[in-house]
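Below is one structure; the comments refer to it alone.
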Amino acid sequence: MKRITGRFVLLIATAAVFPLVVYGLISVSSLRSGTEQSVGKGNQAVAQQVAAYIRQYFDNNLRVLTSIGTEVRGTQLEPWQQERILRNHVLDFHEFREISVFDASGRLQATSRVGPSTLSIPDSADLVGEGAKKYSVATPHEDADALPTTTIAVPVVGGAEDRGWIVAEISLEELWRTVDHIKVGTTGYALLLDEHSKLLAHGNPNDRAKIASGAEAAPEERALAEALRAEQPSTEPRQFTNDRGQKLLAVAAAVDNPRWSVLVEQPTTDAFAVAAALERQLLAAIGLALLGTVILGWLWGRSFIQRIYALTRVTRAIADGRMDERVALSGQDEIRQLGDAFNSMADRLVELQEEIRKQERQAMFGRIAAGLVHDLSHPIQNIGNSCKLIQKMFEDLEYRETFKKTVERELVIIKRVLDDLRNIARPIPLERFPVDLNRTVADAAEAMEQHAETAGLTLRTELTPETVFMEGDVFALGRVYRNLILNAIQATAPGGLIVVASEVRGGRVQVRIYDTGCGIPPERIGQIFEDFVTTKRRGLGLGLAISKKIVEQLGGTISVTSEVGKGTTFVLEFPRTEARPMLVAG
Amino acid sequence: MLFAEPLIALDWQGRPADRLATEWQWSEDGRALTVILRRGVKFHDGTPVTSEIVAGILRQRIKKEPLGFEALERLDTPDGNTLVFRLARPDAFLIGVLAGTLIIDDNKPDIGTGPFRIVARTPILEARKYAEYYRGAAGLESLQLITFPTQRAAWVALMRGDVEMVQDLNPESVEFLQGASGVAVYSSLRPFYIPLVFNLHHPILKQVEVRRAITEAIDRDEIVKEAMRGQWQVADDPVWPSHWAYNAATRRHSYNPGAARLRLDAAGFPVKSAPGKMASRFELKCLFWGEDPQFERIALLLQRQLSEIGVNLLLVPANQDTMRGRAGKGDFETYLFQMTSGRSFDWTYRFWHASPAGAAERQNSGYSGANQVLEALRNARTDSEVRVGVADLRQRFYEDVPAAFLAWTHGTRAVDARYQVSDPAVPDIWANIWRWRLGPTQRAAK
């Protein structure tokens, strides 16, 4: 039954659990990879938008400066007018800390500062951009307050011979606002790195101190920025753990001129929050489905197995003879049909058993009746005949004596038949004492010799030369031996041989009665020691049954081997005893 | 307040509060102030605070700087716990003066009565808590005070983690600290205002219509928004807006450049062109504090706003010492600076009351229109007299326009968020620093 249970579990696992688990794993894997890709692309788009915004920021500032430069350099304005223009722009554009205009030789022409200018023209080699849109963006530096600041210089043309520069100091604090306003998800942010991967702006308020401390970006952030500078327009999203142990998803986009980089970072717990929630829900659903499947499978299997258990219990009860046991199974399925069929079979079995018993009883009664008729009819007839003769020959004293002997002999036979019937039902009273094996065997053979001769048979004894003793009842043993020799005589055709032999085998003695008779068919040899079983056409069939009973009461065994047409051998074994037999008086 | 304390303090609304003194009482004629000292208070060196010692310290202070004690005739100590200030005339400002006078011996500058005692002055000022402070021992074990050259340098140090608190942030910095989880920002109005002071000795500025026109041409909201990033508050006059006698329902100048132009036209100042110069009605020089970028920005805004009505404001940067020196001498046409008002009126008196000829002045702008009202306030004995005086003073400033009052400054403190500093009853957290508490990993507050 355990095997069936195991098979049920295996069946459920194969049919339901395994596919569900595989489906779940594939779904989770697909969800993760899909989310990572979509979030990465989304953040990449944000980074590119921020980069575009910063490019626009510089473009706008360049346009403003170019416009100012053109206005200041090309219109013959008075110095105070130039100063007012520059100051107005400083007031209107907070990122400009100072705007100054220089001629081609670097001589200051106007400044927004009330005091002296702090700016100068750059080296022409530092110019970037194309055509008329050339400009210079200095590497950001820390100002007196250790905050990042940069300088933008734009060549301006005020006339054919009137070349010059407009230079502006830009506070990168203003860029912080741009970067600070970038929110990705709940906690994602952007950061800005210069061409040396130094932090210029950081959207995470807790990391702004890094700007003030002039810190470089984290190694993973630098790697992303360097990949961008290696002419890759964008890079694949990367995941890394920051110095606070927070796992981040980072993407980058290039600003170009200046060659700065925008990074967008988002804690993975935030970036993949939706996917994680879906994953949890999916796993929970799969887990519930698994649990439900297993519970249902277990309940169904249990109900199935329980009915098989019930069937098995009743089958064992029937086998143990409790024929009134029946199985009651629920349901309408094949198992129920099997149970009903089993109950029908048990009912029919009981009926057949009753019929067999009835037939056996009838057969036995017939056999016993026939045996009694056979065994008793001859003595009764002899007594009847003798009674008729006695009436005629009552005066004959000799016959009267013969009559007496005849009646007594036949009564002994009748008594013996009746004793046999009684002995079948109760233990045979035996007197056990040491007896000489050879003597008992020889006495029996001698008693039966006349019968053998009459039947035209040779009865031979082959006794062990050793005198051996056994515990036994002389009269009972004699009856056993005579019965076996008589059976041999009756089963052997004239001219046949009957051998009665004795032998010592270790601690036991053995008696064999062998004949060359017709033999016993194999299908009947198993029942020859049963009551009322005989191979002869007549008689009660109690001889071998009583013989077996006597042998076993004396602690011995009796067995038979036979071959049809060749003969039969009965073998009796008894425990050997060393004690001499008591001398019996008389 | 950290190391030394006054006899009497002024609360946020300008009402007197007990410190080293627990009681004070004016005489009927207002010429004597009796002050009862708190019993059991000791200086950091264990010396008991007695009336004799306090009187000695005050005499020392008055001898060195008599400002505010001009009316004081005699200082008596009838017993070891009582001081009696005897005045030549009633002077209600004495309470405010005492609130600004710390009881500390010049010969023992490190020995005060405050919640912290100085243990070192070099290389940085370091103080440890004074366990026997009479209001309870401080929550912090020690303090280190570091002076930075600029406010921005201080906040950079805060962002770097070099310090745990910045006492005064500029508005630009505040924006960047908002939202930082490791730093808490606390802002409150400070008793400092920024005026564009007119010199009434100037031939043009002596005309009130010109001063009124200039005031109407100034968009103070724009100045607060653009130069102070909205962190400050527009000012109408030098009266502390949180003072208990302050009444918000008062007349104030509104931004009206059109009216200003009409006033100047009516006053006989048409716009004139001149070679190499801006076409203007007249020019005015503006002395401003050039060391502070914020003042330069305010000055630039004023220049632009006034240019809209044809007034050419010529900006002249100067350092603090120069500013003070020239303001006291009247060597300016206009000047732009920061002034204290305190939470009483003694500072208002000092700045805006024209002193007798020859007396040292904080500012010599030639304005004397508020003298009478300021004297009335000085003599005020009751709350109603103070309220009337404050209302009159504000009316005088509105009418006389001795300056264009631009804005009240906000003080912004930034503190490491691990400190528990908030106290709704005290708007300025600095005043309550002895009550601050720190988390498990306590270290010296810087």
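Each value in this text was obtained by applying a stated rule to the coordinates, not by laboratory testing. Predicted model only: the values in this text are computed from it and were never measured. Backbone-built Cβ (ideal geometry, glycine too); neighbour counts: all protein chains shown.
Need one word for segment B:255-295: rounded, prolate or oblate. Basis is the Cα gyration tensor (sqrt eigenvalues a ≥ b ≥ c); a/c below 1.5 gives rounded, then a/b vs b/c decides. Oblate is the answer for segment B:255-295, as a/c is 1.5 or above yet b/c matches or exceeds a/b. Across every pair of non-identical alpha carbons in segment A:422-567, the mean reciprocal distance, once inverted, gives a Kirkwood radius of 15.7 Å.
I'd like to know which of B:Val49, B:Ala227, A:Leu349 lies farthest towards the positive end of the charge dipole of the protein assembly as shown, counting +1 on Cβ of Lys and Arg and -1 on Cβ of Asp and Glu. Farthest towards the positive pole: A:Leu349.
Computed extension gain for A:Val474 through A:Gln76, at 0.36 nm per residue and net of the alpha carbon distance, reaches 126.7 nm. Summarised in one figure, the compactness ratio Rg/Rh of segment B:63-134, Cα atoms and Kirkwood Rh, is 1.07. Placing R0 at 56 angstrom, the Cβ-Cβ distance between A:Val373 and A:Arg302 gives a FRET efficiency of 0.30 after rounding to 0.05. Across segment A:168-200, the residues whose backbone nitrogen lies under 11 Å from the label position 7 Å along the beta-carbon direction of A:Glu226 are A:197. Comparing B:Ala138, B:Ala17, B:Ala370 in a Gaussian network model of chain B where C-alpha atoms under 10 Å apart are linked, the largest mean-square fluctuation is found at B:Ala17. Our summary gives chain A a relative contact order of 9 percent, counting only alpha carbon pairs under 8 angstrom and 6 or more residues apart. Sparse packing (at most 15 other Cβ atoms within 10 Å of the Cβ) combined with a DSSP loop state is found for none of the chymotrypsin sites (Phe, Trp or Tyr not before Pro) in segment A:411-520. Note on A:Arg432 and B:Thr50: their simple-model spin labels are 13.5 nm apart, each label 7 Å out from Cα toward Cβ. Just B:Asn107, B:Asn81, B:Asn199 to compare: in a GNM of chain B, with alpha carbon springs under 10 Å, which one fluctuates most? Fluctuation is largest for B:Asn107.
Is chain B best put as rounded, prolate or oblate by its Cα gyration tensor, with a ≥ b ≥ c the root eigenvalues, rounded for a/c under 1.5, and otherwise prolate when a/b is larger than b/c, oblate when not? Here chain B falls in the oblate category.
Rounded, prolate or oblate: which fits segment B:1-85, taking a ≥ b ≥ c as square roots of the Cα gyration tensor eigenvalues, rounded meaning a/c under 1.5, else prolate when a/b beats b/c? Taking the square roots of the gyration eigenvalues as a ≥ b ≥ c, segment B:1-85 is rounded. Reported to the nearest whole Å, the Cα centre-to-centre distance from segment A:40-62 to segment A:89-124 is 27.
Evaluating kT/(6 pi eta Rh) at 20 °C and 1.002 mPa s, with the Kirkwood radius of segment B:333-404 over Cα pairs in the Stokes-Einstein relation, gives 166 µm² s⁻¹. Extension gain for the segment A:Ser33 to A:Val128, taken as residue separation times 0.36 nm less the Cα-Cα distance, is 30.1 nm to one decimal. If R₀ is 41 angstrom, what is the calculated FRET efficiency for the pair A:Leu397 and A:Ala442, using the beta carbon separation as r and rounding to 0.05? Here the calculated transfer efficiency is 0.60.
Taking label positions 7 Å along the Cα-Cβ direction at both B:Lys108 and B:His201, the computed distance is 4.6 nm, reported to one decimal. Separation of the alpha carbons by more than 25 angstrom is noted, of B:Lys206/B:Lys329; A:Lys41/A:Lys133; A:Lys41/A:Lys134; B:Lys277/B:Lys329; B:Lys206/B:Lys285, for A:Lys41/A:Lys133; A:Lys41/A:Lys134; B:Lys277/B:Lys329. Across the protein assembly as shown, the fraction of Cα-Cα pairs farther apart than 42 Å, rounded to a whole number, is 66%. DSSP assigns beta bridges within segment B:234-368; of those with both partners inside it, close to 10 percent run antiparallel.
Length available on full extension from A:Ala215 to A:Leu349: 0.36 nm per residue minus the Cα-Cα distance, which gives 38.4 nm. Secondary-structure-derived ellipticity at 222 nm for chain B, considering helices only, amounts to -8000 deg cm²/dmol, per-run term -39500 (n - 2.57) for DSSP H runs with n ≥ 4. For segment A:399-537, the relative contact order comes to 22 percent (Cα pairs under 8 Å, sequence separation of at least 6).
The eigenvalues of the Cα gyration tensor, multiplied by 5 and square-rooted, give segment B:184-293 an equivalent ellipsoid with semi-axes of 30, 18, 13 Å from largest to smallest. Its DSSP H runs of at least 4 residues, each contributing -39,500 (n - 2.57), put the calculated 222 nm mean residue ellipticity of chain A at -17500 deg cm²/dmol, to the nearest 500. DSSP beta bridges fully contained in segment A:447-561 are about 60 percent antiparallel. Taking segment B:198-232 and a reference point 7 angstrom along Cα→Cβ of B:Ala259, the backbone N atoms nearer than 16 Å belong to B:208-221. Within segment B:112-226, DSSP assigns beta bridges of which about 100% are antiparallel (rounded to the nearest 5). Each residue of segment A:261-310 gets 58 Å³ once the volume of the Cα convex hull is shared out per residue.
What the pair-distance distribution of chain A shows, using all Cα-Cα distances binned every 10 Å from zero, is 3, 11, 12, 9, 7, 5, 5, 4, 4, 4, 5, 6, 6, 5, 5, 4, 2, 1, 0, 0 percent. Dividing the mean sequence gap of close Cα pairs (under 8 Å, 6+ apart) by how many residues segment B:68-138 holds gives a relative contact order of 18 percent. Here r is the Cβ-Cβ distance between A:Gln246 and A:Leu282 and R0 is 30 Å; the resulting FRET efficiency, rounded to 0.05, is 0.70.
The simple spin-label model puts a point 7 Å past each Cα toward its Cβ; for B:Thr82 and B:Ala417 those points are separated by 5.5 nm.
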